[in-house]
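Have a look at the structure below before the remarks.
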Amino acid sequence: MSGHVTALFGIAPEKFQKTCIIMPFDIPRAARNLGVAAMTQGRVFSCGQGQGFTLIRSGMGAGFVGDCTLYLAETPCEKILFLGTCGLIRRRDNLDVGSLVIPGTIHAFESFSAIVKGTLNTSEPVQADETLTRTFPCPRQNCVSFASLHEEEKHIALFDQLDARIIEMECSAFFLACRKIGRASGALLVVADILQEKVFCAALPSSDKKSLTEGISQACSYLKKIV
């Protein structure tokens, strides 16, 4: 497996530090705010070294993040943090673009095929591990891990029934994979859009861009305190 790690991540297993931060995609300015100057590209994932941690860009979606986490079982990594973005299902609780949240109860709808076919089944909720994020002054929000950006707005009524407040793609897989390999974990999400109101693919006004930049900077500051 160690040969797989080197090929997939671009660095040898022993190069991983005891704390790893997984980021599904290049969140603007995040690597720079974390003090990571360069990333080494593997066949699937890429890695950069910070002061006391290894930053990993996994790729978006439950499969990429889940596999990335599972492969860390073959490295010296002991703690895994997840830095991602999410959408608000509805505007509420004084949250907006740029707000920081911690996932609480997570409902997983990770099958794209089931979403498209309309055969969604509610899985057993996953409870987020707050071992590494308990001291963060961020609200806990019930979450949906959903496999389709295209289809998410069609299911808002279902999300409301589940009392879910935020939506993203990876947290359920991340926490389940961390539990499988026995690693302490935590996730911090930056609100980047609001369903039906501030659509993920639309250009943000300058005020929201500023709020998002400030939120990412604050998230990185919290993560650096942990490591």
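Below are the figures for this structure:
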| item | result |
| --- | --- |
| Long-range neighbours under 7 Å by Cβ, at least six apart or interchain, first residue under 26 Å from Ile21 (Cβ atoms) within the range 85-99, second polar (S, T, N, Q) and surrounded by fewer than 23 Cβ atoms within 10 Å (Cβ to Cβ) | Asp96/Ser211; Val97/Ser211; Gly98/Ser211 |
| Which listed residue, of Gly59, Gly118, Gly87, Gly66, is in contact with an Asp or Glu (Cβ under 6 Å, 6 or more places away or on another chain) and of a type in the set (Gly, Ala, Ser) | Gly87 |
| Complete set of residues in the range 66-90 that are loosely packed, with under 15 Cβ neighbours inside 10 Å and over 21 Å from Ala187 (Cβ atoms) | Pro76 |
| Elements of type helices (runs of 4 or more DSSP H) in the range 106-221, at least 2 residues being surrounded by fewer than 14 Cβ atoms within 10 Å (Cβ to Cβ) and free of Cβ contacts under 8 Å to residues at least 60 places away in the same chain | 112-117, 156-161 |
| Strands (runs of 3 or more DSSP E) contained entirely in the range 9-63, each with at least 2 residues that are without any contact (Cβ under 8 Å) to a residue 40 or more places away in the chain and not hydroxyl-bearing (Ser, Thr, Tyr) | 46-50, 53-57 |
| Candidate set: the range 125-153, residues that are among the small types (Gly, Ala, Ser) and touching a Gly at 6+ places or on another chain (Cβ under 8 Å); chosen: the one nearest to Ser185 (Cα to Cα) | Ala128 |
| Flag if Leu8 is under 24 Å from Arg140 (Cα atoms) and of a type outside the set (Phe, Trp, Tyr) | no |
| Residue satisfying condition, being touching a Gly at 6+ places or on another chain (Cβ under 7 Å) and either under 25 Å from Pro76 (Cα atoms) or acidic (Asp, Glu) (or both), within set Ala192, Ala173 | Ala173 |
| Residues within the range 45-64 that are among the aliphatic types (A, V, I, L, M) and surrounded by fewer than 18 Cβ atoms within 10 Å (Cβ to Cβ), tallied | 1 |
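Every read-out reported here was derived from the displayed coordinates using simple, explicitly stated rules and does not represent laboratory data. Predicted, not measured: the structure shown is a model, and the values here were computed from it. Note: ideal-geometry Cβ built from the backbone for every residue, glycine included; neighbour counts use all protein chains shown.
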